[in-house]
Amino acid sequence: MFIQHIIGLFTDPAREWARIREQHEQGAGRSVVHVLILALIPAVAGYIGTTRVGWRIGVGDPIKITDDSAIAIAIIYYLALLIGVLTIGWVIHLLGKAYELVKPASLSLALAAYTATPLFLIGVMQIYPVLWLNLVLGLPALAYTVYLLYSGLPILMQIPAERGFVYSSAVLAVGLIALVALLALTALLWGLGLQPVFTY
């Protein structure tokens, strides 16, 4: 069922969101497994890309990170992805209460988990860390993630599309704020001396 949901979200999202709603009204187990598996893709790909391939700034030798440093970063990256999805699921649930929707928290977690699928899958591109290539492929994945949020929320929460648009916009705004906060935290940690160790 795991792979079927992924394929369904890309081939017929409306029908797949209805299937996801039916399965997740009973519990959040499938969403958790979905996130635990797919969040490994960008973390492992990032580890391989930064330690084996490296990236170039202009001409010159590729810049790489030591294995020990990359493992620590990959673990933190994986945990940040898990916490991010859980936090967005929690925010969706809390916003639902503000919109007077009493739905199981498992539906909110399912929306957060399955909406993030394109971003998890495109994370495989971190094996080859070339900025322009990652942007060219990452932006459509980000756009499709936003589409999944706007199309999936009304179906999962069983509300009219107009109301779902406002609800989805609020979720998206919180997600963007969380992203900026994460970038600020990363800069702060680097400033405190927790930056990666490079090989030369």
Rank-order 193-199, 167-173 by packing density, defined as the average count of other C-beta atoms within 10 Å over each peptide's residues, highest first. 167-173, 193-199
Counting pairs of alpha carbon atoms under 8 Å apart in space and at least six apart in sequence, what relative contact order in percent does the chain give? 29 percent
Residue-wise, which Karplus ³J(HN,Hα) couplings in Hz belong to the stretch 121-131, taking 6.51 cos²θ - 1.76 cosθ + 1.60, θ = phi - 60°, and x for glycine or proline? 5, 6, x, 4, 5, 5, 4, 10, x, 10, 4
Protection-proxy order for peptides 154-160, 6-12, each taking the mean of Cβ atoms within 10 Å per residue, highest first: 154-160, 6-12
For a quick protection proxy, order the peptides 93-105, 76-88 by their average other-Cβ count within 10 Å, most packed first. 76-88, 93-105
Amide hydrogen neighbours beyond the local backbone of ILE65, cut-off 5 Å, H modeled: THR51, THR199
GluC sites (Glu not before Pro) restricted to DSSP loop in the stretch 1-64 with at most 14 other C-beta within 10 Å: GLU25
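Where a number appears in this text, it was derived from the coordinates with a stated rule and is not lab data. Computed from a predicted structure; not experimentally measured. Cβ: placed from backbone, ideal geometry, glycine included. Neighbour counts: every protein chain shown.
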